[in-house]
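> Following this message is one structure expressed as structure tokens.
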Amino acid sequence: MRVKINGVLSEDELEIIIRSDADQVGIFVGQCYASPFFILPSTAARLVRLLPPGIAPVMDTHMTDHDEISNLMERSGIYTVQLHCWETSEVIKLRDQLPHYAKVILNCFPMSPNFKANQFEISGRFADAVSMDCSNLEPGNNSTRRDLPDWDTIAKVVPSFKGPWWFNNIPDAETSKIIKKFNLFGIEAGISLRKNGLLNEELCREFVLSAKGVLNKN
């Protein structure tokens, strides 16, 4: 079980994530929509240099243009990118442009009225993993969303991509059940690990231990 903590903003928050024993840190670069978690590529590069071996950085981005994404990855020194907004044609071009060791993760938002279950038929061939946001709508969408994930809909979507699945924003009370039900490769969280806007060390630690504790019991 891989565990990712998102939205690091400073060296102090990075230290909290390191101490939590997370496997990956989500660094938000390339903003198009309202969000408090985006930082400059130069700041991202500085944080990446502080990461110890064993914790991998992931560049989360709103950008869709393959040239812009590739440029941000090079400037930040991050070679795994998670696309919160994407178009199939741009995903294909990005995959062709990136070095062989780079990884592409596609975000999907099954709670959105705009979500189409077949969207991975082509795009999924060029992605290394998919991350499913179980609660939120895609960036920029102000439509009303469900209070709780529709697990029946999600269960129909998962078989459409044969690679590793990540889940994001699983309600705390359902984490153990959902990890086992879907045999997840990894889970991630960000805003739920904050108190008064600040990343909380106790919440981060509990999140990691809960996820990996499920794995240890299997």
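The values are calculated or read from the model by the stated rules, or taken from the named source; none is laboratory data. All figures in this text were calculated on a predicted structure; none of them were measured in a lab. In this analysis, Cβ positions are derived from the backbone assuming ideal geometry, glycine residues included, and neighbour counts consider all displayed protein chains.
> Looking only at region 111-124, count every residue that is surrounded by 14 or more Cβ atoms within 10 Å (Cβ to Cβ) and more than 12 Å from Phe161 (Cβ to Cβ) and tell me the total.
3
> Checking Lys116 against (1) charged (D, E, K, R); (2) touching an Asp or Glu at 6+ places or on another chain (Cβ under 7 Å); (3) in a loop (DSSP other than H, G, I, E, B), which single condition isn't satisfied?
So Lys116 meets the others, but not (2).
> Oh, and also: Does Gly54 satisfy being part of a loop (DSSP other than H, G, I, E, B), crowded, with 22+ Cβ neighbours inside 10 Å and small (Gly, Ala, Ser)?
no
> Please work out if Asp96 is closer than 18 Å to Val3 by Cα and either assigned to a loop (DSSP other than H, G, I, E, B) or at pLDDT 95 or above (or both).
Values: closer than 18 Å to Val3 by Cα: no; either assigned to a loop (DSSP other than H, G, I, E, B) or at pLDDT 95 or above (or both): yes.
Judged against the criteria, Asp96 is not a match.
> Looking only at region 84-93, which residues are without any contact (Cβ under 8 Å) to a residue 40 or more places away in the chain and assigned to a loop (DSSP other than H, G, I, E, B)?
Our first condition is that a residue be without any contact (Cβ under 8 Å) to a residue 40 or more places away in the chain; within region 84-93, this holds for 86-93.
Trp86, Glu87 - these are the residues of region 84-93 that are without any contact (Cβ under 8 Å) to a residue 40 or more places away in the chain and assigned to a loop (DSSP other than H, G, I, E, B).
> When you scan region 23-32, do you find a residue that is in contact (Cβ under 8 Å) with a residue 60 or more places away in the chain and assigned to a loop (DSSP other than H, G, I, E, B), even just one?
We begin by selecting, within region 23-32, every residue in contact (Cβ under 8 Å) with a residue 60 or more places away in the chain; these are 23-24, 26, 32.
Applying the additional criterion that residues be assigned to a loop (DSSP other than H, G, I, E, B) yields 23, 32.
Looking through region 23-32, at least one residue is in contact (Cβ under 8 Å) with a residue 60 or more places away in the chain and assigned to a loop (DSSP other than H, G, I, E, B).
> Could you identify the single residue in Met63, Met73, Met59 that is in a helix (DSSP H, G or I), modelled with pLDDT of 95 or more and under 17 Å from the mean Cα position of the chain (by Cα)?
Every option except Met73 fails the conditions.
> Quick one: is Ala173 at pLDDT 90 or above and aliphatic (A, V, I, L, M)?
When the stated conditions are applied, Ala173 does not pass them.
> Restricting attention to region 89-126, report how many residues are under 27 Å from Pro36 (Cα atoms) and among the small types (Gly, Ala, Ser). Spell out how you get there, then give the answer.
Here is the first cut: in region 89-126, the residues under 27 Å from Pro36 (Cα atoms) are 90-91, 94, 102-115.
Adding the requirement that they be among the small types (Gly, Ala, Ser) leaves 102, 112.
Residues flagged as under 27 Å from Pro36 (Cα atoms) and among the small types (Gly, Ala, Ser) within region 89-126 amount to 2.
> Scanning region 125-176 for residues that are closer than 20 Å to Met63 by Cβ and either of a type in the set (Gly, Ala, Ser) or free of Cβ contacts under 8 Å to residues at least 24 places away in the same chain (or both), which turns out surrounded by the fewest Cβ atoms within 10 Å (Cβ to Cβ)?
Filtering region 125-176 for residues that are closer than 20 Å to Met63 by Cβ and either of a type in the set (Gly, Ala, Ser) or free of Cβ contacts under 8 Å to residues at least 24 places away in the same chain (or both), the one surrounded by the fewest Cβ atoms within 10 Å (Cβ to Cβ) comes out as Gly140.
> Here is a follow-up. Looking at the structure I just gave you, is Phe120 over 22 Å from Leu193 (Cα atoms), at pLDDT below 90 and in contact with a strand residue (DSSP E or B) (Cβ under 8 Å, 6 or more places away or on another chain)?
It is true that Phe120 is over 22 Å from Leu193 (Cα atoms), at pLDDT below 90 and in contact with a strand residue (DSSP E or B) (Cβ under 8 Å, 6 or more places away or on another chain).
> Need the failing condition index for Ile5 against (1) farther than 21 Å from Cys85 by Cβ; (2) without any contact (Cβ under 8 Å) to a residue 24 or more places away in the chain; (3) not aromatic (Phe, Trp, Tyr), just the number.
(2)
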